[in-house]
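Just below is one structure, and these are the notes that go with it.
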Amino acid sequence: MAEEESEDQLGGIGESINQNQLENSKEETAIFDEENKRKKNKHKHRVAIISLYFILGIGITVIFIRVFHIIAPDNWMWLDDLKLQAIDKLLFSGTLGTILGKYGKNLFD
């Protein structure tokens, strides 16, 4: 009985395929591939946008903290001079701009 089922399943091998069916199959495959690629690109785009907003939020927070330490009285400050210098290096060395530039460039590629 198992041999009969396998022969029925393999019976279509070697038969010619209608040209119209072949073209339809190729069109369906192309449509599926295009839709799948579009979904992947949309996902990558969303991840890139979320990453940019996250980095922007961190950058704004760091700038706010630095400005607060410039304006606030001494008894309100919680960072020591070494940590403030590290923040200054981060902000003014161009590291933050480079990171945002790389992510922004990848977003539009």
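The values are calculated or read from the model by the stated rules, or taken from the named source; none is laboratory data. Please read these numbers as outputs of a predicted model, since none were measured by experiment. Here the Cβ is made from the backbone with ideal geometry for all residues, glycine too, and neighbour counts use every protein chain on show.
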Pairs only if they're at least six apart or on different chains, beta carbon under 6 angstrom, first in the stretch 79-107 and more than 17 Å from Gly57 (Cα to Cα), second modelled with pLDDT of 75 or more and among the hydrophobic types (A, V, I, L, M, F, W, C); list them, first residue then second. Leu107/Ala48
Going by the structure shown, is Ala48 in a helix (DSSP H, G or I) and in contact (Cβ under 8 Å) with a residue 24 or more places away in the chain? yes
Would you be able to say whether some residue in the stretch 58-80 is among the aromatic types (Phe, Trp, Tyr), surrounded by 10 or more Cβ atoms within 10 Å (Cβ to Cβ), within 16 Å of the chain's Cα centre (by Cα) and at pLDDT 85 or above? no
